[in-house]
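K.L.:
Quick one: this structure, given as structure tokens, is what I'll be asking you about.
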Amino acid sequence: MTAENIKRQLLALGNPKKAEHSKYFFKTGEGQYGEGDKFIGCTVPETRYVAKVHKNMSFAELEKLLNDELHECRLCALLILVEQYKKAGELKRNEIVDFYLAHTSCVNNWDLVDLSCYQIVGEWLKNKKDRSLLYCLADSGLLWNQRIAVVSTMAFIRDNDFGDTLQLSEKFLYHNHDLIHKACGWMLRETGKRDESVLTGFLDKYYKKMPRTMLRYAIERLSSGHKKKYMQRA
């Protein structure tokens, strides 16, 4: 199966109304974070189905999909990488991670990040002592690399390992983009679902400094009393 054949399958599943909606939902206007991105209107389940059917695609063909102008082609390539990673041995997993990291410029919208990074980068790092890669991504100055760093910690959170989530959330307290605020707030909320005391400990220390979006995401599942406390900032 070639990239060209997969693109034809995705085009056949496209929906012009959904494509038009996606242009606004993913902020593709001039100066917006998804500027110039193009959609054909496939749903994620449809794209995931195509990915699972063709999960054995070579890196060479995946690279073509990742460099395609169509959002759904890039998403399909990433979902194929996720499927490959699940079944791969250690050597192949290393190759998948290297390939993923070499193409983060193509992982260039929040859904592309969120549907791939923690299942590849996060899973690869979760049993490693050296997680400096996360902080290299966080320090890169590139919005999508920074979001990859934060959302990859989902894999750690699921193992009740919260340290990197907290450290990165602290690091990004003064970040200037709400997509990073949302990512940190989301990961903090996931931390709170596992251990509320870890979340409230972080909030007690930083809630007065946190961007409002990050705070609102983080406290979403807390009691009304907790929410009131944290939203009434001095």
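K.L.:
Under 27 Å between alpha carbons, and skipping anything fewer than 8 positions from Lys126 in its own chain: which lysines qualify?
P.N.:
Answer for Lys126, where 27 Å is the Cα cut-off: Lys52, Lys55, Lys86, Lys87, Lys92, Lys171, Lys182, Lys193, Lys205, listed by chain and number.
K.L.:
I've got another one for you. Check cross-link reach from Lys227 to the aspartates and glutamates: straight Cα distance under 15 Å, and skip same-chain residues fewer than eight apart.
P.N.:
Excluding near neighbours in sequence, the set is Glu196, Asp204.
K.L.:
Taking 22 Å as R0, compute the FRET efficiency from the Cβ-Cβ separation of Tyr24 and Glu69 and round it to 0.05. Write out the running numbers ahead of the final one.
P.N.:
On the way: r = 18 Å, r/R0 = 0.82.
The computed FRET efficiency comes out at 0.75.
K.L.:
So, one more: Between Asp139 and Met231, what is the label-point separation in nm under the 7 Å Cα-to-beta-carbon projection?
P.N.:
Modelled inter-label distance: 3.8 nm.
K.L.:
Quick one: with all protein chains in place, what share of the accessible area of the chain is carbon or sulfur, to the nearest percent (1.4 Å probe)? Intermediate results must be reported in sequence, preceding the final value.
P.N.:
Values: 5570 of 11510 Å².
Of all accessible area on the chain, carbon and sulfur atoms account for 48 percent.
K.L.:
What are the principal axis extents of the Cα atoms in the chain, in Å, biggest first?
P.N.:
57, 42, 30
K.L.:
Right, here's the next one. Taking the solvent-accessible surface of protein heavy atoms with a 1.4 Å probe, what is the per residue accessible area of the chain in Å²?
P.N.:
Numbers: 11510 Å² over 234 residues.
Accessible surface, normalised per residue, equals 49 Å².
K.L.:
Where a Cα-Cα gap under 21 Å defines reach, which lysines qualify for Lys38, not counting those fewer than 8 residues away within the same chain?
P.N.:
Result set, ordered by chain and number: Lys7, Lys17, Lys18, Lys23, Lys27, Lys64.
K.L.:
In addition: What are the equivalent ellipsoid semi-axes of the range 95-234, built from the alpha-carbon gyration tensor (square roots of five times its eigenvalues), in whole angstrom, biggest first? Walk me through the intermediate numbers first.
P.N.:
On the way: eigenvalues 137, 49, 28 Å².
One finds semi-axes of 26, 16, 12 Å for the range 95-234.
K.L.:
Sticking with this one: What would the Debye equation give as log₁₀ I(q)/I(0) for the range 16-73 at q = 0.14, 0.25 Å⁻¹, counting only Cα atoms as equal point scatterers?
P.N.:
Each listed q maps to, in turn, -0.45, -1.03.
K.L.:
Can you give the relative contact order of the chain as a percent, counting alpha carbon pairs under 8 Å and 6+ residues apart? Each step should come with its number before you reach the end.
P.N.:
On the way: 299 pairs, mean separation 27.3, N = 234.
Across the chain, relative contact order equals 12 percent.
K.L.:
Between the DSSP loop rule and a limit of at most 11 other Cβ atoms within 10 Å, which GluC sites (Glu not before Pro) in the range 131-222 are left? Mind dumping the intermediate values first?
P.N.:
Details: sites: Glu170, Glu190, Glu196, Glu220; in loops: Glu220.
Passing sites in the range 131-222 do not exist.
The values are calculated or read from the model by the stated rules, or taken from the named source; none is laboratory data. In this text the structure is predicted, and so the values were computed from the model without any measurement. When we count neighbours, we look across all protein chains shown, and the Cβ atoms used for this are built from the backbone with ideal geometry, even at glycine. Side chains are part of the model used for accessible areas, which takes the heavy atoms of the whole protein and leaves out ligands, DNA and RNA. Shrake-Rupley method; radii C 1.70, N 1.55, O 1.52, S 1.80 Å.
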